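Worksheet: the structure to be examined is printed underneath.
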Amino acid sequence: MTEMVFGTTPARVGDPILPRWWRTVDKWALACILGLYAIGLLLGLAASVPLAERNGLNAFYYVTRQAVFGGLALAVMLVISMMSPVQVRRLGVLLFLGAFLTVLALPFIGTDFGKGATRWLSLGFASVQPSEFLKPGFIALCAWFMASAQAVGGPPGRLYSFFVAAAVIVLLALQPDFGQASLILFAWLVMYFIAGAPVTLIAGTIALAGFGGMFAYANSEHFARRINGFLSAEVDPRTQIGYATNAIQEGGFFGVGVGEGTVKWSLPDAHTDFIIAVAAEEYGFVMVVMIIALYCAIVVRSLWRLLGERDPFARIAGTGLACAFGGQALINMGVAVRLLPAKGMTLPFVSYGGSSVIASGITLGMLLALTRTRPQNLLADVMGRPGR
């Protein structure tokens, strides 16, 4: 079988796994991920101390937990990044099944922690948000379906993926968790486009989602309250959006100084959903640009490397993972500057939270695994056995 090599030196048969992984992994993306982890710890030092004091805990309690969660996420990411596309697919399917069943059970065993949405599973010593782990599993499963549809005589995989996406979106909307539902829909639309879906069908899906949004607005007080707050001409300075907007304006170009910010004392979610407001206030526009640049670098480099990928599953799944990761960061920062309605979504790999950080580690591990350089088979060979 004729082969061609995309990127750098191909893996040699019989090489130890670590040297082979180091030669083939995207080192620039890996460096950007480590940069996000370091920034997350730095911002955690600023944002979580007031919360620890309010809860009567050690000043660095949440920072220590963030370091532990982040270290575990990095370890998980590195292990997954050494997997083959076949192993990534299998892991994704198992992850989806486990997370989907847990989300189904949340109305009976979950809790809302007083936030109006039953999204968490309390374990006593910690809490887990299953929808965070649902995303990478969903992307892997749908990519497998879509890749299988490209084989001659293959199953109607795109139709299967539509039913899976519809089930997941409805399930998340019922929690209600419209932010995660929107992100799932966005990732599915991107993958569907890459898999060759007609534009008219994608437009019809977007229109259907629009009607779903209007139905939710008319029947969900939680959803309507957030939309009304977003559309309001005036921002109540005593709300989270009001505090965050003021903090970003006060930060200016270089910030008010390390430890001098005040928004962390006012915002209960300063260490999670509004961590970018803390960065803007204390470190200024420069830090915000640096964070945005790191996210853009990870997404753009991953998409660039996937351009040469001939395995349909790796190409579709990698694109979905990269866009979901970048899309979540965009939503979080868009909410903080009031470009989007409040979503209750963390800044991936930067915000505090065990579920968020570890799920981001899984997502990035899959992405690094699928963007590693490896021999590329002839297009005809790959198209004959997708999702292998």
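Conditions tested, residue by residue: (1) among the acidic types (Asp, Glu); (2) buried (at least 23 other Cβ atoms within 10 Å of the Cβ); (3) within 22 Å of the chain's Cα centre (by Cα).
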site	(1), (2), (3)
LEU267	no, yes, no
ALA277	no, yes, yes
GLU281	yes, yes, no
ALA293	no, no, yes
ARG301	no, no, yes
Based on this model, can you work out whether GLU250 counts as closer than 21 Å to ALA38 by Cα, of a type in the set (D, E, K, R) and part of a helix (DSSP H, G or I)?
no
Across the stretch 63-95, which residue is surrounded by the most Cβ atoms within 10 Å (Cβ to Cβ) among those that are in contact (Cβ under 8 Å) with a residue 12 or more places away in the chain and among the charged types (D, E, K, R)?
ARG89
Can you pull out every residue in the stretch 30-62 that is of a type in the set (Gly, Ala, Ser), buried (at least 20 other Cβ atoms within 10 Å of the Cβ) and closer than 18 Å to PRO348 by Cβ?
GLY40, GLY44, ALA47, SER48
With respect to PHE138, is the statement that it is closer than 25 Å to GLY334 by Cβ and assigned to a helix (DSSP H, G or I) true?
yes
Would you be able to say whether some residue in the stretch 316-339 is without any contact (Cβ under 8 Å) to a residue 24 or more places away in the chain, touching a Lys or Arg at 6+ places or on another chain (Cβ under 9 Å), within 30 Å of ALA224 (Cα to Cα) and surrounded by fewer than 24 Cβ atoms within 10 Å (Cβ to Cβ)?
yes
Take the conditions free of Cβ contacts under 8 Å to residues at least 40 places away in the same chain, surrounded by fewer than 19 Cβ atoms within 10 Å (Cβ to Cβ), over 22 Å from SER356 (Cα atoms) and not charged (D, E, K, R) and apply them to GLY257. Does it pass?
yes
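Return yes when GLY98 is crowded, with 17+ Cβ neighbours inside 10 Å and of a type in the set (Gly, Ala, Ser) and no when it is not. Can you show your working first?
On the way: crowded, with 17+ Cβ neighbours inside 10 Å: no; of a type in the set (Gly, Ala, Ser): yes.
So GLY98 does not fit the description; no.
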For PHE145, are the conditions met, namely being aromatic (Phe, Trp, Tyr), more than 19 Å from the chain's Cα centre (by Cα) and either at positive phi or buried (at least 19 other Cβ atoms within 10 Å of the Cβ) (or both)?
yes
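Restricting the stretch 150-168 to residues that are farther than 14 Å from PHE96 by Cβ, assigned to a helix (DSSP H, G or I) and of a type in the set (A, V, I, L, M, F, W, C), which is farthest from the chain's Cα centre (by Cα)?
Quick first cut of the stretch 150-168, residues farther than 14 Å from PHE96 by Cβ only: 150-159, 162, 166.
Still in the list and also assigned to a helix (DSSP H, G or I): 157-159, 162, 166.
Next, only the ones that are of a type in the set (A, V, I, L, M, F, W, C) stay: 159, 162, 166.
Numbers: LEU159: 24, PHE162: 20, ALA166: 19 Å.
In this case the residue turns out to be LEU159.
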Please specify each residue of the stretch 266-309 satisfying the condition of being of a type outside the set (Val, Ile, Thr) and not in a helix (DSSP H, G or I).
LEU267, PRO268, ASP269, ALA270, HIS271, ASP273, PHE274, LEU307, GLY308, GLU309
Residue under evaluation VAL357, criteria (1) out of contact with any Gly (no Cβ under 6 Å at 6 or more places or on another chain); (2) buried (at least 23 other Cβ atoms within 10 Å of the Cβ); (3) at pLDDT below 95, criterion not met
(1)
Scanning the stretch 176-213 for residues that are within 23 Å of GLY344 (Cα to Cα) and more than 15 Å from the chain's Cα centre (by Cα) gives PRO176, LEU189, ILE206, ALA209, GLY210, PHE211, GLY212, GLY213
Are there any pairs, at least 6 apart or on different chains, whose C-beta atoms fall under 7 Å, with the first in the stretch 272-285 and under 15 Å from GLY353 (Cβ atoms) and touching a residue at least 40 places away in the same chain (Cβ under 8 Å) and the second of a type in the set (Asp, Glu) and part of a helix (DSSP H, G or I), and if so, which?
none
Of the residues that make up the stretch 224-246, is at least one over 25 Å from ALA280 (Cβ atoms), of a type outside the set (D, E, K, R) and surrounded by 13 or more Cβ atoms within 10 Å (Cβ to Cβ)?
yes
Take the stretch 310-346 and flag every residue that is modelled with pLDDT of 90 or more and assigned to a loop (DSSP other than H, G, I, E, B).
ASP311
Kindly indicate the residue of the stretch 360-388 that is assigned to a helix (DSSP H, G or I) and at pLDDT below 50 and also surrounded by the most Cβ atoms within 10 Å (Cβ to Cβ) among those meeting that condition.
VAL382
For ALA166, work out the one condition from (1) at pLDDT 90 or above; (2) within 23 Å of ARG119 (Cβ to Cβ); (3) of a type outside the set (Val, Ile, Thr); (4) in contact with a helix residue (DSSP H, G or I) (Cβ under 7 Å, 6 or more places away or on another chain) it doesn't fulfil.
(4)
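Quick one: count up the residues across the stretch 55-91 that are more than 28 Å from VAL25 (Cα to Cα) and of a type in the set (Ser, Thr, Tyr).
The first filter runs over the stretch 55-91 and keeps only residues more than 28 Å from VAL25 (Cα to Cα), leaving 55-65.
From what is left, the residues that are of a type in the set (Ser, Thr, Tyr) are 61-62, 64.
Residues in the stretch 55-91 being more than 28 Å from VAL25 (Cα to Cα) and of a type in the set (Ser, Thr, Tyr): 3 in total.
The values are calculated or read from the model by the stated rules, or taken from the named source; none is laboratory data. Computed from a prediction, not measured in an experiment: that's the story for all the values here. Neighbour counts run over all protein chains shown; Cβ positions are idealised from the backbone, glycine included.
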